[in-house]
Structure formats: structure tokens, C-alpha cells
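> For reference, the structure I am asking about is given below.
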């Protein structure tokens, strides 16, 4: 059930990210929203791949991915990959921005924090449920 919820959340996050990319006027706000949604998506994908991992481990792996992708933008590789296959530009970007690292951290903290809170609430419900 957890993986199904994570997959649905990932689809909705991709839809929201594409909506921001395609419909919102280019601005600091739309850039920030896109970065936060990208980080949320990475958290969801890591959680999907490792559904029993602790929330902090999922968040750590997701943040490491986001930072690595941003640092990769200091090289010409993402632009080269994007020219060969344009959708990769949405995954890897092309221009390094230190501010993106802050937005990634915010997105990871938000998504991993919500995941941890939901898991704690579920455990409490299970512990409080009467034995049948």
C-alpha cells in the first residue's frame, strides 16, 4: 500500500512540476517551486525504492542526489545530454545556482518530514488499536 501511495504522490508531483514549468511565468518564485517539487519527487522515488528505510535516510539520499545534480551543472555534461535528449534538461538542468541548494533542502525537509510524521501517526494508531 505504501508504494502505491508513493507512486501516486510522485505522479501528482510530476504533474505539478510540469504545470509550474509550462504555465507559470519565469520568476524566482516559479524557479523555487520547481526546485522544491523536484526535491519532493526525489524523496518520493527514494522512498518507493526503499519503503522501509527510515525517513532521515530517505531524506539524506534524496538531498545527496539533488546536491550532486546541482554540482554536475558546473560541468558541460547536463547541457550536452540535454542537447541529445531535451527531456533530460528537466532532470539535470544546465545552470548552477547556489540558491537551488536551499530550495532542494527545503523540499527534502518537507517531504521527508511529512513521511516521518505519517509513519509515526500510523504506528500510534496500530499500537492503540484493540487486539482482535
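Each reported figure results from applying straightforward, stated rules to the coordinates on display, with no laboratory input. The shown structure was predicted, so the numbers you read here are calculated from the model rather than taken from an experiment. In this analysis, Cβ positions are derived from the backbone assuming ideal geometry, glycine residues included, and neighbour counts consider all displayed protein chains.
> How big is the chain in terms of Cα radius of gyration and Dmax, in angstroms?
That works out to 16.6, 61 Å for Rg and Dmax.
> Separate question: When the chain is modelled as a GNM with alpha-carbon springs shorter than 10 Å, which of 108, 61, 36 fluctuates the most?
61
> Working from Cα positions, state the angle (0 to 90°, nearest 10) between the long axis of helix 2-23 and the longest principal axis of the chain.
Rounded to the nearest ten degrees, it is 30.
> Treating the angle as unsigned and between 0 and 90°, give the value, to the nearest 10°, between the Cα long axis of helix 98-128 and the longest Cα principal axis of the chain.
10
> Continuing with this model, one more query. Could you check which residue among 39, 117, 64 shows the biggest mean-square fluctuation in a GNM of the chain with a 10 Å Cα cutoff?
In the Gaussian network model the winner is 117.
> Return one number: the angle in degrees, 0 to 90 and rounded to the nearest 10, between the long axis of the Cα atoms of helix 55-72 and the longest principal axis of the Cα atoms of the chain.
The two axes meet at around 0 degrees.
> With a Förster radius of 41 Å, plug the Cβ-Cβ distance of residue 123 and residue 99 into 1/(1 + (r/R0)^6) and report the FRET value to the nearest 0.05.
On the way: r = 37 Å, r/R0 = 0.89.
Approximately 0.65, to the nearest 0.05.
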